[in-house]
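Chemist: Shown below is the structure under consideration.
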Ligand SMILES: [Ca+2]
Ligand SMILES: [Ca+2]
């Protein structure tokens, strides 16, 4: 079935929901008052697309038709998630934990075992099964979500393990498609997905206030709570594989 014919089948099932989203814009009627909850726009809007000519709502998902989205009058249907949507995470997307992954004797493991997801509204109804966790490279099982605790507009996802070294851990909010990822690559001070000797220079620059923008998880290599010259020695230990450390010089994370 062509994309255009799929659209016209879609048009046939819309109807009552059109009144809820008049003209394709989130203009909801509640208690006799009309207010705009949110405005829906096409990601590739163009003049004459007729976006909003039809709307279908099911649960917290809306499909909006555009009869002339493409040349030759091919129509399209855009699908929108109307529910609570994540806006950011903490640590932020693409953060890399450069700190030592254990103590020198390997008796205690360190690293992130949770992430905070910030929503555009009260996160009280958010559940652990709203999310999918994967890893990149996909050569091992990803962490599971042990539990989820929400407070205000923030949900904290607690994993059942620390995020794996040399991998991205990718967290996806299935309904909205929001995704974020955090990584663990010891010694990668500058966050360029590679642990190399340039990271020592960037750590020195940070300590000299030349690169003040670096985060604590990029600079407090020995995990004592602050970045100081001792972290340079620990950085070198990570490169050389001191104690029980693996050698991290030259190791990378995927794009
Ligand atoms: Ca680096
Ligand atoms: Ca330190």
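All of the numbers you see were taken from the coordinates with simple rules; none came from a lab. Computed from a prediction, not measured in an experiment: that's the story for all the values here. All Cβ positions, glycine included, derive from the backbone under ideal geometry; neighbour counts span all protein chains shown.
Chemist: Mean projection of the alpha-carbon convex hull of segment 156-226 over all orientations, in nm²?
Modeler: 6.2
Chemist: Moving to a separate point now. Percent relative contact order of segment 86-240, based on C-alpha pairs within less than 8 angstrom and at least six residues apart?
Modeler: About 25 percent, as a whole number.
Chemist: Tell me, what is the FRET efficiency for residue 103 and residue 60 to the nearest 0.05, using R0 = 51 angstrom and their Cβ-Cβ distance as r? Present the calculation step by step, with values, prior to reporting the outcome.
Modeler: Details: r = 46 Å, r/R0 = 0.91.
About 0.65, to the nearest 0.05.
Chemist: Can you list the equivalent-ellipsoid semi-axes of segment 111-255, largest first and in whole Å, using the square root of 5 times each Cα gyration tensor eigenvalue?
Modeler: Three semi-axes, in Å: 31, 18, 13.
Chemist: Something else about it: Return 154, 61 ranked ascending by Cβ neighbour count within 10 Å, so the fewest neighbours appear first.
Modeler: Neighbour counts put them in this order, fewest first: 61, 154.
Chemist: Return 41, 219 ranked ascending by Cβ neighbour count within 10 Å, so the fewest neighbours appear first.
Modeler: Starting with the residue having the fewest Cβ neighbours, the order is 41, 219.
Chemist: Treat each spin label as a single point 7 Å out from the Cα along the C-beta direction, and report the residue 215 to residue 240 distance in nm.
Modeler: 3.0
Chemist: Provide 113, 202 in ascending order of the number of other Cβ atoms located within 10 Å of each residue's Cβ, fewest first.
Modeler: 113, 202
Chemist: What spacing in nm lies between the two simple spin-label points modelled at residue 120 and residue 247, each 7 Å away from Cα in the Cβ direction?
Modeler: Between residue 120 and residue 247, the label points sit 5.0 nm apart.
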